[in-house]
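Inspection log for the structure reproduced underneath, given as structure tokens.
The values are calculated or read from the model by the stated rules, or taken from the named source; none is laboratory data. All values reported here derive from a predicted model rather than from experimental measurement. Note: ideal-geometry Cβ built from the backbone for every residue, glycine included; neighbour counts use all protein chains shown. With ligands, DNA and RNA removed, areas are computed over all heavy atoms of the protein, side chains included. Shrake-Rupley method; radii C 1.70, N 1.55, O 1.52, S 1.80 Å.
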Amino acid sequence: MKFESILEETDGFGRYQIALVLLMYIPRIPIPCHFLLNNFIAAIPSHHCNISSLGSEGIFGNLTQEERLTVSIPVQDDGTPASCHMFSYPQFHLLSNSSSPSEVAVVQCQNGWEYDNSTFISTLATQFDLVCEKRGLAKASATIFFVGVMAGAVFFGVLCDKYGRRSMLLVSYVSSIVFSVVSAFSSNYIMFAAFRFLTGFALTGIINISFVLSIEWVDTKHRTFIGVFGSISWSLGNMLLADNFNLTWIPESARWLIANGKAETAYKYLQKCATFNKRRDFTSRVKLEALSTVMTVEHKEPTFTSPICRYGVASTYYGISLNITSFGLDLYLTHFIYAAIEVPAKILIYFSLNKVGRRITQTGTLVLTGFCILINIITPTEYWTFRTVIAVLGKGLSEASFTTVFLYTTELYPTVMRQNGVGYASFMARLGASISPLIMLLEDTWKLLPEVIFCTVAIFSGLIAWLLPETNNERLPETIEDIEEMRYKNKCHKIQEKILNYCFQDQSNIPLKLPICADTTQ
């Protein structure tokens with residue numbers, strides 16, 4: 001007996017499942033704020049050396065602030081004061097002659113920096129002076145966060161399959177609240193970086209566990225809806241802290257309980273689900289003994305194709321999301337547009353996942369994202385309006401690929417190793433996310449190099465996704481044998497399609513007796 005049949009007896013998508021999904025939906029809302037926070041906290045505002053040390057004895061007299069800068073700081077090619085250098089002593093002759101002789105002694109900033117606070121009151125750069133030779137540390141804070149997410153994906157993936165989804169979800173909720181609050185009150189960069197790492201470590205548990213738990217409690221035909229609906233919480237992200245009071249109402253995954261020999265506990269949860277959904281005949285139709293025949297536990301290594309795809313999706317998504325300053329628009333406006341495009345993208349992807357399936361959708365969104373990046377590479381910068389439209393389209397497609405890959409990965413792994421497999425794939429995704437900020441630093445070598453890399457990764461991972469089996473309208477696999485059966489059916493349907501194309505290409509309408517793909521004994 002398959003678990004899908006038992007779940008149908010409880011009403012596979014009733015009030016119980018809806019309440020469960022909503023309870024886990026709310027704590028996911030603030031998560032994107034953490035993941036995309038570096039767009040703002042790592043911003044480096046305009047700055048120049050603090051010149052107070054030069055005028056400590058009142059030698060500036062009645063000079064205006066602009067005149068003080070003129071005699072104290074060399075001018076860059078664009079006419080703005082240099083960010084990292086100052087004159088060793090005031091050059092008063094520059095007030096009458098704007099040209100600076102080459103022999104004037106220039107030194108690095110001696111007394112810190114002064115920052116332009118018109119856009120940002122405080123950032124990492126202004127708080128910890130992460131400018132000039134320390135400029136890379138601001139970008140590195142994003143990498144540190146994603147390394148924490150990467151480590152957490154493996155940690156929670158392994159322990160969830162061993163100790164259950166529910167208990168580890170509690171650990172994620174509590175630790176993410178504690179670590180995120182402490183990081184906000186960090187007194188130095190090292191402390192901030194350490195707790196940002198731990199925050200990312202804890203948050204990945206909330207993301208992966210709540211998603212898998214939602215998928216495992218709904219029936220086959222509603223998995224797409226739950227996958228897309230759950231991901232909208234990302235687009236609705238705000239600064240609310242996750243609330244853990246509702247965990248007492250969240251059940252353990254009945255699939256995991258059965259797979260780990262806890263059929264009696266699973267049966268109680270299923271009874272509760274059936275009662276809540278008003279399916280009072282559940283106990284008469286499904287007996288406790290039937291649960292022992294649902295699955296047998298086996299452990300084998302997961303496929304490498306899905307993690308490679310997850311790496312490409314995350315690398316591309318964050319490569320686009322963390323680059324919002326190159327289109328000539330206000331920073332906040334660009335971020336809002338990037339966030340807003342995700343909602344219609346998710347709505348469209350819901351229909352695509354149901355109509356054309358997971359594999360085509362995954363491949364298509366990734367390849368099209370790559371082509372959007374390619375178009376912006378070859379389009380001159382003066383066409384900034386067109387480039388912005390293409391970038392927004394690419395952002396929507398990358399989010400669509402992210403929504404797809406979360407659902408797709410969950411469906412590919414069997415219950416006995418689902419959370420572990422999702423954790424491994426998430427590890428690869430966070431590896432891609434953590435490397436993305438560092439790739440963006442390569443623009444100092446060649447301005448277009450980061451975009452070329454993200455374009456290549458998107459198209460390559462899209463082609464890799466074509467190697468994955470289709471899971472649309474397939475029941476969630478419980479054992480390794482179910483995975484093999486799924487692969488068999490996909491191959492069989494391809495053979496049927498080739499036979500049909502061959503026999504009907506001359507429209508002879510030859511009747512055929514085709515193999516029955518649903519029966520693995522054929």
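Computed with a 1.4 Å probe over protein heavy atoms only, the accessible area of K221 comes to about 150 Å².
Residue separation of R135 and N354 scaled by 0.36 nm, minus their Cα-Cα distance, works out to 74.2 nm of gained length.
When the C-alpha to C-alpha distance is required to be over 21 Å, the pairs from K162/K287; K2/K272; K221/K287; K2/K262; K162/K221 that qualify are K162/K287; K221/K287; K162/K221. For the pair the stretch 341-380 / the stretch 135-163, the C-alpha centres are spaced 27 Å from each other.
Suppose R0 equals 51 Å; then what is the FRET efficiency for T265 and Q127 from their Cβ-Cβ distance, rounded to the nearest 0.05? Intermediate values should be presented prior to the final figure.
On the way: r = 49 Å, r/R0 = 0.97.
Given R0 = 51 Å and the Cβ-Cβ separation, E is 0.55.
Around T381, with a cut-off of 15 angstrom between Cβ atoms, what is the net charge of the other residues, counting Lys and Arg +1 and Asp and Glu -1? Neighbourhood net charge equals -1.
Applying a DSSP loop filter and a limit of 16 other Cβ atoms within 10 Å to the chymotrypsin sites (Phe, Trp or Tyr not before Pro) in the stretch 371-406 leaves Y383. Other residues within the sphere of radius under 11 Å centred on the Cβ of T409, judged by their own Cβ, net out at +2 (K and R +1, D and E -1). Annotation: amide H of A43 within the under-5 Å range of L124, sequence separation 5 or more or interchain, hydrogens built in the peptide plane. With a cut-off of 12 Å between beta carbons, the residues surrounding L124 carry a summed charge of +3, where Lys and Arg count +1 and Asp and Glu -1. Among the protein heavy atoms, those of V389 account for about 90 Å² of accessible surface (1.4 Å probe, every chain in place).
Put a dot 7 Å past the Cα of L442, heading toward its Cβ, do the same for D116, and the two dots end up 3.0 nm apart. The calculated FRET efficiency for V104 paired with N473, based on their beta-carbon distance and R0 = 56 Å, is about 0.15. Computed with every protein chain present, the accessible area of F156 is close to 10 Å² [probe 1.4 Å]. With all protein chains kept in place, the per residue accessible area of the stretch 422-469 amounts to 43 square angstrom at a probe of 1.4 angstrom.
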